[in-house]
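**Student:** Here it is: the structure, laid out below.
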Amino acid sequence: MKLATLKNATRDGRLVVVTRDLTRCTDASFLAPTLQRALDDWARVAPHLAALAESLEHGAVPAERFHEHDAMSPLPRAFRCAQAQDDGSWRETAGDGFSGPRDGVIAPGTDIAIGLAAILGDLAAGDAGEIAADAAMLVMAAAFAGEATVAFSPVAVTPDELDGAPQLTATINGKTGRSVAIIADFAALAANAAKWRAVGAGAIVATGSASLAKSFGRDGGLGEGETARIEAKDAKGHSLLGAIEMIAQARPV
């Protein structure tokens, strides 16, 4: 199933279920008002969300048009967000408020690192193996811009929705760079996150990432006024998770 969080008057938004083609959605707040609340009671809530998703696909429940610009990051804030580094270390990122997938503004010259991220369920310290393999509740595309801006795709999906290794495709001002196939071992990421301490439902772990600048053969990041668009696609070129967009703008003096 595919889930999203729509903007409303609250910091955590409103939970909706989205169709596989990302065109329509239906309210899920009667099951759980927010995604974090759903994750806190996932064993009970997830089957009901899955049933709602099937009803939505068959037109059996009220639906509205899904607009990616109306979406927050699926989990607008998290207790913990960690990104795996190429050297095997972890970089902890502030999770008190992620940029919306279409709201990212970064400083000119900033490079963007792109990858996949998993939202985890509860893990005890030292959990590994099959327990860790089952810990990835939902998967998103991720974009990290320097130390300040983190954004996730408009939609998060259960792992069964992924068609092999998604191709992350990036464009700058509409020009396409090299697509990158991301192979994510979420079991290993989850086990690593829980190696020394317990992990609470809603923690986010992200894969090692590809540099946007390098994929375009650049020495630096986005120039002022340039827009980057990051999108995960399946083998047929269909969008899986919606698009992240970031624009480079000088900050007001």
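Read the figures in this text as sums done on the coordinates, not as results from a lab. What you see is a predicted model, and the numbers here were worked out from it, not measured in a lab. Positions of Cβ are backbone-derived with ideal geometry, glycine not excepted, and every protein chain shown enters the neighbour counts.
**Student:** What distance in nm separates the simple spin-label points at A60 and K175, each placed 7 Å from Cα in the Cβ direction?
**Tutor:** 5.0
**Student:** Which cross-chain or sequence-distant (5 or more) residues have an amide H under 5 Å from the amide H of L241, H modelled 1.01 Å from N in plane?
**Tutor:** Under 5 Å from the amide H of L241: A232.
**Student:** Right, here's the next one. Please list, by residue number, every one of the GluC sites (Glu not before Pro) in the range 122-175 that is coil in DSSP and has at most 13 other beta-carbon atoms within 10 Å.
**Tutor:** Answer by residue number: E147.
**Student:** Among F216, F152, F98, which one moves the most in a GNM of the chain with springs linking Cα atoms closer than 10 Å?
**Tutor:** F216
**Student:** Between A250 and R218, take the C-beta separation as r, use R0 = 22 Å, and let me know the FRET efficiency to the nearest 0.05.
**Tutor:** Using R0 = 22 Å, I get an efficiency of 0.70.
**Student:** Another question about this same structure. Between R44 and R91, what is the FRET efficiency for a Förster distance of 41 Å, r being their Cβ-Cβ separation, to the nearest 0.05?
**Tutor:** 0.75
**Student:** Check I106: other-chain or 5+ apart residues with amide H under 5 Å from its amide H, H built from backbone geometry?
**Tutor:** Excluding prolines and chain starts, which carry no amide H, the hits are I247, A248, Q249.
**Student:** Follow-up question, since we're still on this one. Starting from the Cα-Cα distance between H69 and A235, subtract it from 0.36 nm times their residue separation and give me the gain in nm to one decimal.
**Tutor:** Here the answer is 57.3 nm.
**Student:** Please figure out what share of the DSSP beta bridges in the chain is antiparallel and state it in percent, rounded to the nearest 5.
**Tutor:** 90
**Student:** Using θ = phi - 60° and the Karplus curve 6.51 cos²θ - 1.76 cosθ + 1.60, what whole-Hz ³J(HN,Hα) does each residue of the range 196-204 get, with Gly and Pro shown as x?
**Tutor:** 10, 8, 5, 10, x, 3, x, 5, 10
**Student:** One-quarter of the Cα convex hull surface for the range 2-68, in nm²?
**Tutor:** The number I arrive at for the range 2-68 is 4.3 nm².
**Student:** Additional query: Of S215, W90, P159, which is farthest on the positive side of the dipole of the range 77-248, counting Cα position, with +1 on Lys and Arg Cβ, -1 on Asp and Glu Cβ, and the Cα centre as origin?
**Tutor:** S215
**Student:** Hull surface divided by four, with the convex hull built on the Cα atoms of the chain: how many nm²?
**Tutor:** The number I arrive at for the chain is 13.7 nm².
**Student:** Counting only helical runs of four or more DSSP H residues, what would the 222 nm mean residue ellipticity of the chain come to if each run contributes -39,500 (n - 2.57) and the total is spread over all its residues?
**Tutor:** Only helices count here, giving -4000 deg cm²/dmol.
**Student:** Tell me which lysines have Cα within less than 29 Å of K7's Cα, excluding those fewer than 8 residues away on the same chain?
**Tutor:** Hits, sequence-local ones excluded: K233.
**Student:** With a cut-off of 8 Å between alpha carbons and a minimum separation of six or more residues, what is the relative contact order of the chain in percent?
**Tutor:** 23
**Student:** Along the charge dipole of the range 2-68, pointing to its positive end and built from +1/-1 on Cβ of Lys, Arg, Asp and Glu, which listed residue (T5, V45, P62) has its Cα farthest out?
**Tutor:** Selected residue: T5.
**Student:** Now for a separate question. Dipole of the chain, Cα-centred, from +1 at each Lys and Arg C-beta and -1 at each Asp and Glu C-beta, to the nearest 20 debye?
**Tutor:** 420
**Student:** Please label the shape of the range 22-117 as rounded, prolate or oblate, based on the square roots a ≥ b ≥ c of the eigenvalues of the alpha-carbon gyration tensor (a/c under 1.5 means rounded; beyond that, a/b larger than b/c means prolate, else oblate).
**Tutor:** Because a/c hits 1.5 or more and a/b exceeds b/c, the range 22-117 counts as prolate.
**Student:** Sticking with this one: Please turn the phi angles of the range 61-66 into ³J(HN,Hα) values with the Karplus equation 6.51 cos²θ - 1.76 cosθ + 1.60 (θ = phi - 60°), one per residue in order, whole Hz, x for glycine and proline.
**Tutor:** After applying 6.51 cos²θ - 1.76 cosθ + 1.60, I find 9, x, 9, 10, 5, 8 Hz.
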